[in-house]
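The values are calculated or read from the model by the stated rules, or taken from the named source; none is laboratory data. The model shown is predicted, which means the values in this text are computed figures rather than measured ones. Heads up, the Cβs are rebuilt from the backbone with ideal geometry, glycines too, and the neighbour counts pull from every protein chain shown.
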Amino acid sequence: MTGKLLSIRGLTKAYPGVVANSDVSFDIEPGEVHALLGENGAGKSTLVKMIYGLVKPDSGHMVLQGREYTPAEPQAARAAGVAMVFQHFSLFDALNVAENVALGMANPPKTSELAAKITDVSEQYGLPLDPWKIVGDLSAGERQRVEIIRCLLQDPKLLIMDEPTSVLTPQEVEILFATLRKLKAEGTSILYISHKLEEIRALCDEATILRLGKKVGTCVPRDTSAAQMAELMVGSELHRPERAATVPGAVRLALRGLSVTSPGQFGTSLKDISLEVRAGEVLGLAGVAGNGQDELLAALAGEILAKPGMVVLDGAEIGAKGPGARRKMGLLTAPEERLGHAAAPNMSLTENALLTGAEREALMQNGFLKWGKAKSFAEAIIKRFDVRTPGPETAARALSGGNLQKFVIGREVMQRPDVLVVNQPTWGVDASAAAVIRQALLDLAVGGAAIVVISQDLDELMEVADNFAALNEGRLSEIRPAKGLSMEEIGLMMGGAHGLEVAHA
Amino acid sequence: MDLSAINPILLLASLMVAATAVMIAALGELIVERAGVLNLGVEGMMITGAIIGFAAAVHSGSPAVGFVAAAVGGAGLSLLFALLTQVALANQVASGLALTLFGLGLSSLIGQGYVGIKPPVIPKLNIPLLSDIPVLGPILFRHDMVVYFGILLVVLVWLFLKYTRAGLVLRAVGENHEAAHALGYKVVRIRVLAIMFGGACAGVGGAYVSLVRVPQWTEGMTAGVGWIALALVVFASWKPWRVLLGAYLFGGVTVLQLNLQAAGIAIPVEYLSMSPYLITIIVLVIMSNRRSASPASLGKTFHAAQ
């Protein structure tokens, strides 16, 4: 076993009803960047939680540097030299950077010493960070730096990164990769989880591919094409969404100088946003999370009210109208947060279908609900979007994230909207289902609807959008045709690398 | 009406006494809420502490034993709340309200045989030299131990939250319990300890009412002070020094209106009686105009998934 940093042998973990990991084995060498690839639900997260001591395996064992490794809790894993950067950051908004870092350490030094150390390490690795700033005020990229520095201060031998680039601009990804390569050169191993294949090809030495909890193969990413890896992940060939060419029609939705204040303490207010979307057009809006996406969707849906003339639908000023009135007029929306925003967790799918579909689908008469019709509407959504569920009486919370996403998007698409606004339409959805959702959006556009897709997945936007713009700190960049845009141009539209201009000056 | 009968020195001195019960209870609740738990049972724990402390002091003849018993009783009752909300994952608001109702009933049951009895007296600390200073002496330095304990507790809670690692972990748990769990902190254990501390403080606050403020046992004698303590925590934006300020304001208006009643002022007694509650809340609402400094996980049930 000499030479190996971490050996994993036959790890198995089952939850009631699902086997998250079944007999997974692989090795990580010192100084290696090892990729863990797989669809959502393939068991990547459970696997790394076992390595980090958050979840106990049912069977199998691990060997770290020649010694049996059975971390009972994250503290033990950290003491053994394993650190982890989480996908959804494990940060505390109301505390400052130094306090957040201290919470991740076993024996933190005094705050002032720690702050000096943070400044040191952050400069050494090219990740500028002010230790006294409140984390709630930081951008997503800066928040990730906090997590990384928290890990680096413990001199880890193995750094686990769970989908680290999903919230970064292309420039920030470059900076992250430079940091990771530097760590690798110093002998630190990295376990890198992602489903972005090009990134893995650029960074990783070795990849282990999981599907439905089982290891289905390994490859050397540099020598394997992205298409080959995708096939290994999905197990079949992918269908690419396609669209018939359309000529843009009349303007259906227009924003004129939309400015609204965010209702949340750490939210982003929208500043002077103007745009037009024509019939048959798909407008893609990129942006790092927390730059006003949620607020824009709320302002379009009517959850946040604006001045009447700021939102115009088919020539009618609707800025001051609420969600119900807008739905009736044909402006439908699907927010990002599935449970609690797009769907009521404890209500059945039929009830959830009623919630937004009552008026347009005539599921209601004189204030009384037509349950039979609602049920067949829900069944139609389930059928067309291949929602995997026992039936329309199932509670929304019982569905997996991807399946519920298919349902909430399908619910809006099936109501034949004139204008549809979606936020993160394929977030957490596996590749084949994502293709179905994107195809449905494109079909709507061909049918004469105007579509606004807000997403952090640039590949998705490039696939569906005719025109492209980015949100940055509540402002909208100029709108440009999506065809021919380079990654670098997109990155600049998204605001470049936050805070770096300052550091270089 | 004779306002000159009101002695300002005496007024300020009794202000400190009147503020102590609500202050200690509020500090306990502050720690509980900073850990992300909303315990609406403060009133119930206070009244239970009041009767247990009263009974223990009467039987032992020692007020100190009474206060310790009250702390244990309050903590014991809060353990029930901890069991419901942290282990059985019951709703915190409902459990807290139930705890208040339960505490009120339990205390009247225990208190049956104690109506009309006088508890042992707590000696006032006449701090030598300091208590002889004119004006300041009688206001600040001629009180019982518990008054000073309350002020010390403000300092300790402040130091704990600001400068200790345990305090940082506690705040982290209240701020984002998922993240704290992911970092390996024992969310439930920390919360149960915080809840017990809150219970003990409420118990001591209650015992202060029955042993010093009044001093006798009457059913429902805490008279909503527990609710004021709860309001105090929120309007003090979860900061210990503001709790001290709010408590003194509440105590001040309480003794002032009593004095005004005694002086026969031409305002109906009902208005005077409601004034401490009203004024405290109005002032604190104005002070806490900055929205939502509340711990982000406050009142949310934590369930360690997977």
Practice problem: Would you point out the residue of segment A:472-493, among those that are surrounded by 21 or more Cβ atoms within 10 Å (Cβ to Cβ) and touching an Asp or Glu at 6+ places or on another chain (Cβ under 9 Å), that is modelled with the highest pLDDT? | Solution: A:Leu476
Self-check item: Per-region count, segment B:116-153, residues more than 14 Å from B:Ala207 (Cβ to Cβ), in contact with a Ser or Thr (Cβ under 7 Å, 6 or more places away or on another chain) and touching a residue at least 12 places away in the same chain (Cβ under 8 Å)
Solution: 2
Quiz item: Pairs under 9 Å by beta carbon, first residue surrounded by fewer than 24 Cβ atoms within 10 Å (Cβ to Cβ) in segment B:19-40, partner of a type in the set (S, T, N, Q) and not in a helix (DSSP H, G or I), six or more apart or different chains?
Solution: B:Glu33/B:Asn39; B:Glu33/B:Ser294
Quiz item: Would you say A:Ala378 is in contact with a Phe, Trp or Tyr (Cβ under 9 Å, 6 or more places away or on another chain) and more than 27 Å from A:Leu253 (Cβ to Cβ)?
Solution: yes
Quiz prompt | Test: A:Pro30 is surrounded by fewer than 23 Cβ atoms within 10 Å (Cβ to Cβ) and more than 10 Å from chain B (Cβ to nearest Cβ) | solution = yes
Quiz item: Across segment A:67-94, what is the total count of residues that are closer than 24 Å to B:Pro295 by Cα and more than 13 Å from chain B (Cβ to nearest Cβ)?
Solution: 0
Quiz item: Going through segment B:177-233 one residue at a time, which ones are of a type in the set (Val, Ile, Thr) and either assigned to a helix (DSSP H, G or I) or at pLDDT 90 or above (or both)?
Solution: B:Val187, B:Val188, B:Ile190, B:Val192, B:Ile195, B:Val204, B:Val209, B:Val212, B:Thr218, B:Val225, B:Ile228, B:Val233
Self-check item: Search result, residues across segment A:270-290 that are at pLDDT 90 or above, within 26 Å of the chain's Cα centre (by Cα) and outside any strand (DSSP E or B)
Solution: A:Glu281
Practice problem: Consider A:Gly126 carefully, then state whether it is within 11 Å of chain B (Cβ to nearest Cβ), assigned to a loop (DSSP other than H, G, I, E, B) and on the phi > 0 side of the Ramachandran plot. | Solution: no
Quiz prompt | Index of the failed condition, A:Leu64 passing every other in (1) at the interface with chain B (Cβ under 10 Å from one of its Cβ atoms); (2) crowded, with 19+ Cβ neighbours inside 10 Å; (3) not hydroxyl-bearing (Ser, Thr, Tyr) | solution = (1)
Quiz prompt | In segment B:177-206, the residues that are more than 12 Å from every other protein chain (Cβ to nearest Cβ) and among the small types (Gly, Ala, Ser) | solution = B:Ala194, B:Gly198, B:Gly199, B:Ala200, B:Ala202, B:Gly203, B:Gly205, B:Gly206
Exercise. Identify all residues within segment B:156-176 that are more than 9 Å from chain A (Cβ to nearest Cβ), in contact with a helix residue (DSSP H, G or I) (Cβ under 6 Å, 6 or more places away or on another chain) and either over 21 Å from B:Leu244 (Cβ atoms) or outside any helix (DSSP H, G or I) (or both); write none if there are none.
Key: B:Val173
Quiz item: Which one of these is more than 10 Å from chain B (Cβ to nearest Cβ) and within 12 Å of B:Ala182 (Cβ to Cβ): A:Val55, A:Val97, A:Val48?
Solution: A:Val48
Quiz prompt | Inter-residue pairs, beta-carbon under 6 Å, first under 17 Å from A:Leu47 (Cα atoms) and in segment A:18-33, second of a type outside the set (Gly, Ala, Ser) and assigned to a loop (DSSP other than H, G, I, E, B), 6+ apart | solution = A:Asp27/A:Lys4; A:Ile28/A:Leu5; A:Val33/A:Cys204; A:Val33/A:Asp205
Quiz prompt | Failed condition for B:Tyr248, given (1) part of a helix (DSSP H, G or I); (2) surrounded by fewer than 20 Cβ atoms within 10 Å (Cβ to Cβ); (3) within 14 Å of another protein chain (Cβ to nearest Cβ); (4) under 21 Å from the mean Cα position of the chain (by Cα) | solution = (3)
